1. Quote the relative contact order of segment 84-145 in percent (integer), defining contacts as alpha-carbon pairs under 8 Å separated by 6+ residues.
2. Compute the convex hull volume of the Cα atoms of segment 60-145, divide it by the residue count, and report the result per residue in Å³ as a whole number.
3. Using a Gaussian network model of the chain with C-alpha springs under 10 Å, which one of Gln14, Gln33, Gln132 is most mobile by mean-square fluctuation?
4. Please report the spacing between the Cα centers of segment 22-37 and segment 97-135 in Å, no decimals.
5. Which value, in Å², gives the accessible area per residue of the chain when a 1.4 Å probe is used on the protein heavy atoms?
6. Can you compute the FRET efficiency between Ala47 and Met27 using 1/(1 + (r/R0)^6), with r the Cβ-Cβ distance and R0 = 25 Å? Round to the nearest 0.05.
7. When the chain is fully extended, how far beyond the present Cα-Cα distance does Trp130 get from Gln100, taking 0.36 nm per residue of separation?
8. Please report the relative contact order for the chain, taking Cα pairs under 8 Å with a sequence separation of at least 6, and give it as a percent rounded to a whole number.
Amino acid sequence: MTPEEYLKDRVEDQIVWYDSKSRSNKMWFIILQIATLVASASVPVFAIFSSDMWARVTVAILGSATAITTGIVSLYKFREHWIDYRTTAESLKHEKYTYQTGTGPYVGDGAFSDLVERVEALVSQENTAWQQRLKTQKKEGKKHG
């Protein structure tokens, strides 16, 4: 595999993947946090009219929506994934650009093999962290189930 093929087929592909996942997790985190904020802030307003049946139903729905959106954010860890994926994408970009400019650890012979080792270490590190999060979630699920 040539350095150009590796940069295109592996590095750029991983940058695009992590960037996309980061943006998606950021979007879901913000949407659900705004929904939680709006729903929870609305409860006291509707509670003022709690003698009215629809106000009581609205308070119940808003309270449930707050619990559900908070639970979803906690369960799927959108904020944590957003930050982890963004960090990995930016680290991969850094490696790509320092390699392309022949700076940092990419001076002289062996620059391409150094790039491969560093990029694969970054991807492996993220994969290991992901697997660890899954194991932790399974253990927590068994404790509560």
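1. Working: 26 pairs, mean separation 17.3, N = 62.
This gives 28 percent for segment 84-145.
2. Here the figure is 89 Å³ per residue.
3. Gln132
4. After rounding, the separation between the Cα centres reads 30 Å.
5. Working: 9560 Å² over 145 residues.
For the chain, the per-residue accessible area is 66 Å².
6. 0.20
7. Values: separation 30, 0.36 × 30 = 10.80 nm, distance 2.89 nm.
Stretched fully, the Trp130-Gln100 segment lengthens by 7.9 nm.
8. Numbers: 104 pairs, mean separation 38.8, N = 145.
27 percent.
The values are calculated or read from the model by the stated rules, or taken from the named source; none is laboratory data. Predicted, not measured: the structure shown is a model, and the values here were computed from it. As a convention, Cβ positions derive from the backbone with ideal geometry for all residues, glycine included, and neighbour counts pool all protein chains shown. Note: accessible area is taken over every heavy atom of the protein model, side chains too, but ligands, DNA and RNA are not part of it. Shrake-Rupley method; radii C 1.70, N 1.55, O 1.52, S 1.80 Å.
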